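Colleague: Okay, here's the structure, questions in a sec.
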Amino acid sequence: MLIPCPYCGPRDLSEFTYQGDANRTRPNPMSNDQSAWNAYVYERVNTAGDHREFWQHSGGCRAHLAVVRSTLTHEIKSVAFAREVAK
Amino acid sequence: MSPRRAHNGGRIDRSTTLRFTFDGTAMTGHAGDTLASALLANGISVVGRSFKYHRPRGVFSAGIEEPNALVTVIKGKLREPNIPATQIELYDGLAVESQNRFPSLAFDFGAANGLAGNLFAAGFYYKTFMGPVAGPLKGTRFWMFCEHFIRRAAGLGRAGHEPDTDRYEKMYGFCDVLVVGSGPSGLMAAKHAAATGKKVFLAEQEPEFGGSLRWKSAAIDGRPAADWVAATLADLAALPNVTLLPRTTVWGYYDDNALGALERVADHKAHAALGEPRQRHWTIRAKDVVLATGAFERPIVFPGNDRPGIMLAAAAARYATEFGVLPGERIAIFANNDSAYEAALALKDAGAEIAAIIDVRAGVSIAARELAREAGGELLLGYAVTNTSGARRLREIEVQAFADGKVKDGATRAFAVDCLAVSGGWSPAIHLASQAGHAPQWDEALQAFLPPAPTQPWTGAGAFTGAYSTSAALGDDIAVSEPEIEYEPAPVFEIRPTGKKSGKAFVDLQHDVTASDIRLAHREGFQSVEHLKRYTTLGMATDQGKSSNVPGLAIMAAARGLPIPEVGTTRFRPPFSAVSLGALAADRHGHFKPERLTPMHDWHVARGARMYAAGLWYRPMIYGTGGETVEQAYVREAKAVRASVGIVDVSTLGKIAVQGPDAAELLDRVYTNLFSTLPVDKARYGLMLREEGIAFDDGTTWRLGEHDFLMTTTTANAGKVMQHLEHYLDCVWPDLRVHVTSVTDEWAGAAVAGPNARHVLEACVEGTAVDNDALPFMGIVRGEIAGAPVMICRLSFSGELAYEVYCGAGHGQHVWDALMNAGQQFDIVPYGLEALGTLRIEKGHVTGAEIDGRTSPRDLYLDWMLSKKKPYVGSAMVDREGLVAADRVRLVGIVALEDRPLQGGAHIVERLGEEPRGSIGHITAFCFSPALGKYIALALVKGGKARHGQRAFVSDPVRNRYGPVEIVSHHFFDPEGSRMHG
Amino acid sequence: MVEIVSPLEPDYHRGAHGNRDGGSAVTLSETQPGSIVQLAAWPGQDGAMRALVKTVTGLDLDAAPGAGAVDESSAAFGFAPGRWLVVDQIEGLAETLREKIGNDLGTVCDLSHGRTAIAVEGEKAERLLSKFYALDFSLAAFPVATAKSTAHHDVFTLIQRTGADRFDLYVYRSFARSFWHLLCASAEEFGYTVE
């Protein structure tokens, strides 16, 4: 599998680290809503199809990427710097 | 009669004689021979014993699909089993052994299995070795008991026990077009792509390029096919944009057109050249792929079809034409298609006598009739081979009339032959296409699965697409002269004589799966292809059923009364053919695997340090001074630290530069305690949690400037902490202006600890004072040691007065030497990980053994570090019900009440009877404490502090260590910390 | 100044090695620059940071990812979003940059001790590096002066192409010796010279 890093270009999967589901939103740090924190820490959607996820180009520029990948075909639908998506 | 070398012909170099041994017997062959062709040339008929029945087997094919002729190659002490003799190039000094025979190939005890008849039918093992429902060998225990003996009797070659000393390497290749296969269509594809200037890789699994053109009779552009191949290859080789890869098997097709390939660089040599790997594993990224992988000939299933001397027709022709070897003197052909007629003529031309051509079809093409006439021998149309005989080698075949898919009752005819060349049609080699495509499509006319629609950018060419003729492979622009035969076979896969008891008819020769096994599977309900495969093991041997899959499927289809495509086919998975583990591991294994060394590594080794692998790092465990045990050494080192002064290399600690105006804010968010209040030139101990409130890592962080921090992490978690910070900065708090950079390798670190530590620094540090005022606990100063800039922080892991001295890594040894010199008057002692561990256990400091991914800060009595003033990663969940439960295991100290060592992982139990009961926790770290004069340990025990003073027991069944212990505070030594503040 | 000790030292054997049939197809050397410095810009400050590099070193960097520049005594290249490596034969470059950078541009991180610089040069340089990295080293895919961040197993590496057949590699110091062993062993089949 190749992931097209916006900085480095298409690179081999072996250079990347999976960094988790990108569909989650971290609750407000002051929040004591345990169900919201539970959802953030433990609950995952396990999509069969297009899935938003973080990949770090750990063996490259080290940027975290927000990737939309089909879990059925491994096709990468979109890639952006996580910093830009998180803003 | 035996196979023999033909008097002339072939592409072997008859002027070069190569010596080799087979089961210790010396033989010779020629350059250009494979082991298989050389064995045939030496008259060897039986090359192995079959998997279950130990039947004698001979060479069956001439290629990678070989099911029978598997041998073990011996190089020195190394044994590589299960290599097809057809894939071994002969070299001078080659030594091989046959397999699965005891005591010898000629006389085999296991052949008695054959006499046991249907005992070994499909599912035999499952049914027989289920064991009784009760008793010591109930159920699968019986199987486990018997398995050892069965595996010894049934099986393939035996692997060696010596470590593999060969060199393997990896290579990444990038090209515009990868052409897989160098037969006529592959060569044309490479030629066309190269002409457009594209970067082309041409991979051929055999040593020579040309594929079928190396043995087919076709003439191209008016000259022999082999001459055309040579000219085309010379053209390709001269182009700078073409890379030729002989002996390279493309074995896997992965996402984004990445293909795995194995190049056998030196397998065909007695010794690899200097620096040359034995095998090179390629990962090839190709923009486009041309699959020109050809087709495999299929056998026909009939009683007695496994006798040595029976082989695929095209293979027989190839031995005659390419290797100048006659597989028999008097040969019969048995076919359901025209292609075998070409083989008949090739064999005749090489000097064999064609006794008969037996064809299940009632009528054949004019071209085939013409070929039959030229080849000589009787042409029996509408006939089939119904039995064979011959003890160690084929002597005779029986033939009966055949029509409408059935053997006709009536007279049999016998032919005395020593070779039977069989062709049951062709199956395109769609393995790679299946890995990168949809389901393959059945073609009724060709009676074969054709390549599926691609899911990746590849195209097919030649026989791979079902276009079997040379002219179709080369295209319209090239004049080809070849017989106009018809490749469409009659839909006949199995010959089942009626009425009489007939011999076994094998479908999968390598795993000894017979036609009746398939029908048994059908009767017992294992009818889907996937069940059939697993129940009978059809197609699961090292050849992966390259020649047996389609006949097996056809027999199941017939049993179910369905057309073949409705029964389906299994998906081909990588690897296409065997790939050695050595090639996959390559430099990840052995002495080229990556390792990390500190700047003082060579000094440690020179001082007799026993080095210990900590992740990829190497750290001194103890410094051995002749004759000491490990315990004696670390006790000596730890004592010296408490008595005077010691020095330890701490360069492996993870170090991260945290820089920027929001650096303090980031630290406040990731550590449980506050860092924004830390003054410049001060350090603070910090604890990090994961989001779920579990302890993650600890370490000190130094404030070097308003916006400039140096974070230290444990050695093991350096990479994880770095990723943790990067993840939050990129994905959660992109607004923070902070840069993090790994500077682990920038700094060498030495910890100087002990009552005399300050005196050592005073003796060598310049440019700064190091007294208590200038350098209080957790203070930082900068100065020089022996001219090298250093940064010194007063902090303690050992509980003694201690300093960490950091300098540029390239100055590490220089500074270390200066510290050793300065320490000489105080008898400074270098200490290793064992002493370091001992000192910290005595102090009750936690490390990765306690921060094990399951413990919360409360479990470790680190609640005092949990700030109430701010949120931090983990703060929302650290107070969850489960993490504050009363029965959690918490940190305690353990003292052995007998003078015997404790061990990590041992259980702490409440009762110690005949069977220890009631585990309340386990030991995480242990040592002999020189300070206490006892064996002590840290442990995680239910109840923690509440158990202080209680008696319990250690239970360590693995190491047979039981005995009484006392649970105490984990602060064994100097709990007030007076020594380090002194 | 105290001399910086090379991590390769005990295993750095100058001279010709390996298969001598075809001479030396690659030359390996540790370049030991005086300064290896990372610059990291705050968002929006990329242009200003490149201007700073130009002021201090005279090297002209364009805005493309991985863009770099080389002259006789220095080199600079981008290796990650908003990050550059600046390398100079002169020691103390980090101090010079720190003085000029101010608070709003970004940060300076001195890596002069922490990274080991190894040059791989010669007709087989591309082939040699293809043994370790999943990168296309052809000139078209990897032009002169540009750089890439990559890794061989755990050995994180920054690679700048400093000539048609020359690459400068920056690896973590602690890994340098084991990587050097692998580099030399892998070059054995071509024949190599250590300079």
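Colleague: Run the numbers on chain B and let me know its relative contact order in percent, using alpha-carbon pairs under 8 Å that are six or more apart. List each step's numbers first, then the result.
Modeller: Numbers: 2359 pairs, mean separation 83.6, N = 982.
For chain B, the relative contact order is 9 percent.
Colleague: B:His591 to B:Tyr612: extension gain in nm, 0.36 nm per residue of separation minus the Cα-Cα distance?
Modeller: Going from the current span to full extension adds 6.0 nm.
Colleague: Still on this structure, please answer the following. Just to be sure I understand: with springs between alpha-carbon atoms less than 10 Å apart, which residue in C:Val86, C:Val108, C:Val56 has the highest mean-square fluctuation in the Gaussian network model of chain C?
Modeller: Of the options given, C:Val56 has the highest mean-square fluctuation.
Colleague: So how much slack lies between B:Arg900 and B:Glu482, counting 0.36 nm per residue of separation and subtracting their Cα-Cα distance, in nm?
Modeller: Here the segment from B:Arg900 to B:Glu482 would lengthen by 141.8 nm.
Colleague: Fewest to most neighbouring Cβ within 10 Å: what's the order for B:Leu674, B:Leu666? If you can, show how the numbers build up before the last one.
Modeller: Details: B:Leu674 17, B:Leu666 23.
Placing the least packed residue first, the sequence is B:Leu674, B:Leu666.
Colleague: Then there's this: Quick check for me: using +1 on Lys/Arg Cβ and -1 on Asp/Glu Cβ, what's the dipole size of the protein assembly as shown about its Cα centre, in debye to the nearest 20?
Modeller: 3800
Colleague: To the nearest 10 degrees, how steeply does helix C:173-187 sit against the main Cα axis of chain C, on a 0 to 90 scale?
Modeller: 40
Colleague: Using a/c under 1.5 as the rounded threshold, could you call chain B rounded, prolate or oblate? The axes a ≥ b ≥ c are square roots of the C-alpha gyration tensor eigenvalues, and prolate needs a/b larger than b/c, oblate otherwise.
Modeller: The shape class here is prolate.
Colleague: Between B:Ala343, B:Tyr803, B:Leu178, whose Cα lies farthest towards the positive end of the dipole of the protein assembly as shown when Lys and Arg beta carbons carry +1 and Asp and Glu beta carbons carry -1, centred on the Cα centre?
Modeller: The listed residue farthest towards the positive side: B:Ala343.
Colleague: Going by how many other Cβ atoms sit within 10 Å of their own, how do B:Glu97, B:Glu804 line up, fewest first?
Modeller: B:Glu97, B:Glu804
Colleague: Counting only helical runs of four or more DSSP H residues, what would the 222 nm mean residue ellipticity of chain B come to if each run contributes -39,500 (n - 2.57) and the total is spread over all its residues?
Modeller: -6000 deg cm²/dmol
Colleague: Take the alpha carbon atoms of segment B:487-567, find their radius of gyration, then divide it by 2.2 N^0.38 Å using N residues; give the quotient.
Modeller: 1.05
Colleague: Here's another thing I want to ask about it. Of B:Ser427, B:Ala585, B:Asn549, whose Cα points farthest to the positive end of the dipole of chain B (charges on the beta-carbon: +1 Lys, Arg; -1 Asp, Glu; origin at the Cα centre)?
Modeller: About the Cα centre, the residue reaching furthest to the positive side is B:Asn549.
Colleague: Note down the magnitude of the dipole of segment C:16-154 about its Cα centre, charges +1 on Lys and Arg C-beta and -1 on Asp and Glu C-beta and zero elsewhere, to the nearest 20 debye.
Modeller: About 280 debye.
Colleague: While we're looking at this one, here's another question. Can you give me the span-like helices of chain B, meaning DSSP H runs with 24 Å or more of Cα extent along the axis and Kyte-Doolittle mean at or above -1.0?
Modeller: None clear 24 Å together with a mean of -1.0.
Colleague: Separate question: Given the pairs B:Lys639/B:Lys843; B:Lys682/C:Lys100; B:Lys843/B:Lys934; B:Lys216/B:Lys348; B:Lys170/B:Lys191; B:Lys198/B:Lys287, which span a C-alpha to C-alpha distance of over 18 angstrom in this model?
Modeller: B:Lys682/C:Lys100; B:Lys170/B:Lys191
Colleague: Which far-off residues, 5 or more places away or on another chain, put their amide H under 5 Å from the one on A:His51, with H placed in the peptide plane?
Modeller: Here A:Arg69, A:Ser70, A:Thr71 satisfy the definition.
Colleague: Ranked by Cβ crowding within 10 angstrom, fewest neighbours first, how are B:Lys942, B:Lys408, B:Lys869 ordered?
Modeller: Placing the least packed residue first, the sequence is B:Lys869, B:Lys408, B:Lys942.
Colleague: Do you know the relative contact order of segment B:244-400, to the nearest whole percent, from alpha carbon pairs under 8 angstrom that are 6+ apart? Don't skip to the answer; put the middle values down first.
Modeller: On the way: 264 pairs, mean separation 25.2, N = 157.
Taking the mean separation of contacting Cα pairs over the length of segment B:244-400, I get 16 percent.
Colleague: If you average the sequence gap of Cα pairs under 8 Å that are 6 or more apart and divide by the length of segment B:655-742, what percent do you get for the contact order?
Modeller: Relative contact order here is 37 percent.
Colleague: At 7 Å along the Cα-to-beta-carbon direction for both A:His74 and B:His7, put a label point, then send me their distance in nm to one decimal.
Modeller: About 5.8 nm separates the two model spin labels.
Colleague: May I pose another question? Which GluC sites (Glu not before Pro) does segment B:554-659 hold that lie in a coil by DSSP with at most 16 other beta carbons within 10 Å?
Modeller: B:Glu628
Colleague: Also: Rounded if a/c is under 1.5, else prolate if a/b beats b/c, else oblate: with a ≥ b ≥ c from the C-alpha gyration tensor eigenvalues square-rooted, which is segment C:35-110?
Modeller: Oblate is the answer for segment C:35-110, as a/c is 1.5 or above yet b/c matches or exceeds a/b.
Colleague: Which of the listed residues, B:Ile366, B:Pro975, B:Val47, is farthest toward the dipole's positive end in the protein assembly as shown, when Lys, Arg count +1 and Asp, Glu count -1 at the beta-carbon?
Modeller: Looking along the dipole axis, the top candidate is B:Val47.
Colleague: Then there's this: Could you give the angle, 0 to 90 degrees to the nearest 10, between helix C:46-57's Cα long axis and the longest principal axis of the Cα atoms of chain C?
Modeller: In chain C, helix C:46-57 runs at an angle near 70 degrees to the longest axis.
Colleague: While we're here: FRET efficiency for B:Leu912 and B:His981, Cβ-Cβ distance as r, R0 = 35 Å, nearest 0.05? Write down the numbers at each step before the final one.
Modeller: Values: r = 41 Å, r/R0 = 1.18.
E between B:Leu912 and B:His981, to the nearest 0.05, is 0.25.
Colleague: Another question, if that's okay. In debye, nearest 20, what is the charge dipole magnitude of chain A about its Cα centre with +1 on Lys and Arg Cβ and -1 on Asp and Glu Cβ, if you could check? Show your work: numbers first, answer last.
Modeller: Details: 10 positive and 9 negative charges, 41 e Å.
Charge dipole of chain A: 200 debye, to the nearest 20.
Colleague: I would also like to ask the following. Assuming a ≥ b ≥ c are the square roots of the Cα gyration tensor eigenvalues, decide whether segment B:172-307 counts as rounded (a/c under 1.5), prolate (otherwise, with a/b larger than b/c) or oblate.
Modeller: rounded
Colleague: If you don't mind, there's one more thing I want to ask. Between C:Ser73 and B:Asp235, with labels modelled 7 Å along Cα→Cβ, what's the label distance in nm to one decimal, could you check?
Modeller: Inter-label distance under the simple model: 5.6 nm.
Colleague: Let me ask something else about it. Would you calculate the separation in nanometres between label points at C:Tyr12 and A:Val45, each defined as 7 Å from the Cα along the Cα-to-beta-carbon direction?
Modeller: In this crude label model, C:Tyr12 to A:Val45 measures out at 5.4 nm.
Colleague: Still on this model: For chain C, take the longest principal axis of its alpha carbons; what is the angle in degrees between that and the long axis of helix C:93-105, to the nearest 10 within 0 to 90?
Modeller: The answer is roughly 40 degrees.
Colleague: Quick one: 3J(HN,Hα) in Hz for segment B:421-437, Karplus 6.51/-1.76/1.60 with θ = phi - 60°, rounded, Gly and Pro as x.
Modeller: 9, 10, 9, x, x, 10, 10, x, 7, 9, 4, 5, 4, 5, 6, 10, x
Colleague: While we're on this one: Quick one: net charge of C:Gln32's neighbours, Cβ under 15 Å, K/R +1, D/E -1? Mind dumping the intermediate values first?
Modeller: Values: positive: C:Arg14, C:Arg115, C:Arg173, C:Arg177; negative: C:Glu3, C:Glu9, C:Glu30, C:Asp88, C:Glu91, C:Asp168, C:Glu195.
In short, -3.
FYI, it's all coordinate maths here, none of it is from the lab. Not measured: the values here are computed from a predicted model. Cβ coordinates were reconstructed from backbone atoms using ideal geometry, including for glycine residues, and neighbour counts include every protein chain displayed.
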